Amino acid sequence: MERSRHHLLLAVILSVAFVAFSAIAAAGWTRGADLWVLGIMQEHPVRAFDDIGLFLSIAGSVPVSTLAMLAVALTLRSRGRRQASGRLILAFLATALVEVAMKTLLPQSPIEASAVRVAAPSLLMDFETPFPYPSGHVIRSVLALGALASVYRRTIPKGLILMLIALMAISRIYVGAHWTSDVVGGLLLGTAALAWVFAGREVKEEGWR
């Protein structure tokens, strides 16, 4: 129960941080840092990085990540963790709604076409929005990989999960799909949702660490 409260408190703190950071991004205060980081990331382009970026763009797309999320949710349910399974689906849907709302209403300037290194693949269920904040790829990666780590926490090293999430985050900036602020917003929202997923009573026995 104590761990459950910690997860819930973490979810609240990160949600507040997400709202505050979103206001900062909307005010344009991250613009200078965003341009600086993008310039550094793309100063020495590498073809292999382009290929990795394309692969991760597909892996984090709505159709692929939806299937991955359902697979993880079913795995949680098969192991008797029905509450976490249901919460994962709710978190996935809720963050998707927040993502669409923010990308429609929050006036974050899109990245210029000249800075886009990898064109986003056109897949079923994908949609275009006027603004890029926050990164949906990062949100979904945190949710799916974090939940996966909770299922196989004895066999999947935490470092590997963190490395994969970091790789997704960095690739979104490198390929010119998102600003750094978009990625930070995605990390905050995704981690807040993940903490909420495992804030139930069952966390006492098998919660995400």
Need the full-extension length gain, Ile58 to Arg82, defined as separation in residues times 0.36 nm minus the C-alpha distance. One decimal, nm. 5.7 nm
Could you pull the accessible area for Arg87 with a 1.4 Å probe, rounded to 10 Å²? 50
By how many degrees, between 0 and 90 and to the nearest 10, does the Cα long axis of helix 158-174 differ from the longest principal axis of the chain? 30
Quote the relative contact order of the chain in percent (integer), defining contacts as alpha-carbon pairs under 8 Å separated by 6+ residues. 38
Extreme residue, positive dipole direction of the chain, given options Ile173, Leu67, Leu148 (C-beta unit charges): Leu148
What is the helix-to-structure angle for 47-59, meaning the angle in degrees between its Cα long axis and the longest Cα principal axis of the chain, kept from 0 to 90 and rounded to the nearest 10? 50
Taking 2.2 N^0.38 Å as the expected size of a compact globular protein, what ratio does the Cα radius of gyration of the chain give against it, to two decimals? 1.01
Whenever you get a sec, line up Ile173, Ile40 from highest to lowest accessible area (probe 1.4 Å, protein heavy atoms). Ile40, Ile173
Ranked from highest to lowest mean number of other Cβ atoms within 10 Å per residue, what is the order of the peptides 65-78, 148-161? 65-78, 148-161
Can you give the accessible area per residue of the stretch 22-161, in Å², using a 1.4 Å probe? 55
Taking 0.36 nm per residue of sequence separation and subtracting the Cα-Cα distance, how much length would be gained by fully extending the chain between Ile13 and Ser109, in nm to one decimal? 31.9 nm
Charges at C-beta only: +1 for Lys and Arg, -1 for Asp and Glu. How large is the resulting dipole of the chain about its Cα centre, in Debye rounded to 20? 1020
When ranked by the protection proxy of mean other Cβ atoms within 10 Å per residue, highest first, what sequence do the peptides 132-145, 21-34 form? 132-145, 21-34
Sorted on mean Cβ neighbours within 10 Å (highest first), peptides 91-98, 181-188 come out as 181-188, 91-98
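Gain in length, Thr75 to His44, computed as 0.36 nm per residue apart minus the alpha-carbon separation, to one decimal in nm?
Full-extension gain reported as 7.0 nm.
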Shape of the stretch 1-109 from its Cα gyration tensor (a ≥ b ≥ c, root eigenvalues): rounded if a/c is under 1.5, otherwise prolate when a/b > b/c, or oblate? oblate
Helix-only mean residue ellipticity at 222 nm, the chain, DSSP H runs n ≥ 4 weighted -39,500 (n - 2.57), per residue, nearest 500. What is it? -23000 deg cm²/dmol
Once you put a point 7 Å from the Cα of Leu67 and another 7 Å from the Cα of Arg31, both along the Cβ direction, what distance in nm separates them? 4.1
How far is helix 136-151 tilted off the main Cα axis of the chain, in degrees rounded to 10, range 0 to 90? 30
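The values are calculated or read from the model by the stated rules, or taken from the named source; none is laboratory data. Treat the numbers as computed from the prediction; the structure is a model and nothing was measured. Counting neighbours? That spans all protein chains shown, and the Cβs are built from the backbone with ideal geometry, glycine included. Each accessible area value is taken on the protein alone, full model and side chains, heavy atoms only, with ligands, DNA and RNA left out. Shrake-Rupley method; radii C 1.70, N 1.55, O 1.52, S 1.80 Å.
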